[in-house]
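Chemist: First the structure, then my questions, so here it is.
The values are calculated or read from the model by the stated rules, or taken from the named source; none is laboratory data. Everything numeric here is computed off the predicted structure, so don't read it as measured data. Here the Cβ positions follow ideal geometry from the backbone for every residue, glycine too, while neighbour counts run over all protein chains shown. Just so you know, the surface numbers come from the protein's heavy atoms only, side chains and all, with ligands and any DNA or RNA stripped out. Shrake-Rupley method; radii C 1.70, N 1.55, O 1.52, S 1.80 Å.
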Amino acid sequence: MQPNDAQIMPVHTQQPATGAGTCPSGRKRKRVEVPDSVDTMLFEASVANLRASWDIFGKLRCYGLRPSTSSLRMRPTRCRHFETDAIVKEAILGTLEEKAALRATKASTQSAERTAAAPRSVADWTKLPLDVALQIVSRLDTEELYSTACTCPTFKDLIGCVITSLSFTWCRSRGVDVNHAVRGASVLFQKLQNVYLYRHAELEDASVAMLLAASGSEIQVLDLGGCCSLTDATLHAIAANCPKLRYLDVSSCRNMSNSAFIELAKACPHLHSLNACGCQLLSDTGVLAFSIHCNHLSKVNLGWCHRVTDFGVCCLARGCLHLAMIDLCGCGLITDAGVAALASQCPHLTTLGLHCLRRLTDAAMASVAHSLSGLLSLNVSGCVCLTHDAVQAVLHSNPGLHTCASRRSVIVSGCTGLVGIQCACQHHRH
């Protein structure tokens, strides 16, 4: 039922006067309180249509009544059209302005509350499905992973448990102190398996030890090549915390002693690859320890380890039968006996580096040609005592070696007597 003037006017006349008002006819009327029945009717009208409710509200006010504004419901559900006079328009516009001001105030308050409670907003990330969070993490590079783990508590836990490989090359490009970054990583990452710290000359033993103490039990790959400030303390930390280590690069770490390498060999029996190039303090006893305790070694780089002799190489050949790659460049004490031991004891050799072994003769090449057939790379540059025929025989017995420009895998630079050697494919071409 739609409310109208006839239904409203009889009601107000029954109330005691509390003020003065003017009705549409111009007569002065006393302002009275509106009974509950009128408020209820006004509420029902507002449910039907906001415009209708304001029409009634204005007319009630015109008659000197004071309806309660709380009886208005600002959510009309049905459409009914009423003529609106100036009073109703004024009331509607005033109400809309008031509502707009309230909304603006509320929005400003909520914004201030969000700003004040910013740290708590990260809790929303916990609602992300795990696969979505993992996809986000997978798109971050190493620097972003580190920064995110430092600033977002939720992602810190996820990254710390999911990320298994971490490189610190970004520290150099960004001018960040690598020691500070490594110490931070020891707190943020607990499941690291691969750690790359190569070419950080300022890296300290204490930083590496802190990282290894935190997640060393899972580390399998550790690249410290070029970190020339590291000492025996780092090898001791590796031995104490990295029983699963499979790959170790400590090239150019000149301050690591033989005794520390022996301790490392005893503690890391699963080692498959060792790069000790430039570790000038490593000698035969250290190499002997690796041959005894690390029988799974397949890649060894002993380049420029001037103290290693034929004895150490022979021990390595007998203890590591799965050896596939060995680099002895610059080990000036190695002779034909050491190379012969490798050729006879390590049939799986594919890469042989003999750069600058000036004591080698054709006898070493004869051993290689007789015992090996799967070589894919050979470096005899600087071996000035080798002759053309001896090296050519090696190429004939190892068809995987090439001297052609497109697939060159034989390096003979500095050996004038080896000019003109040809691989099998060049032979067939001519």
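Chemist: Give, as a single signed number, the net charge of other residues whose beta carbon lies under 12 Å from the beta carbon of S251, with Lys and Arg counted +1 and Asp and Glu -1.
Modeler: -1
Chemist: Now for a separate question. What is the distance, in nm, between label points placed 7 Å from the Cα along the Cα-to-Cβ direction at Q280 and at H296?
Modeler: Using points 7 Å along Cα→Cβ, the separation is 3.4 nm.
Chemist: Further question: Measuring from label point to label point, each 7 Å out along Cα→Cβ, what is the R254 to L321 span in nm?
Modeler: That separation, rounded to one decimal, is 4.0 nm.
Chemist: Can you compute the modelled spin-label distance between H370 and E113, with each label point 7 Å from Cα toward Cβ, in nm?
Modeler: If labels sit at H370 and E113, their model points lie 8.9 nm apart.
Chemist: At R0 = 30 Å, how high is the FRET efficiency between A233 and S397 if r is their beta carbon distance? Nearest 0.05 is fine.
Modeler: The calculated FRET efficiency here is 0.05.
Chemist: Another question, if that's okay. Calculated FRET efficiency, T169 and V132, Cβ-Cβ r, R0 25 Å, to nearest 0.05?
Modeler: Computed FRET efficiency for T169 and V132: 0.30.
Chemist: Report, in whole Å, the centroid distance computed from the Cα atoms of segment 291-355 and segment 136-158.
Modeler: Between the Cα centres of segment 291-355 and segment 136-158 lies a distance of 43 Å.
Chemist: Using a 1.4 angstrom probe, figure out how much accessible area segment 282-358 has per residue, in square angstrom, rounded to the nearest whole.
Modeler: 36 Å²
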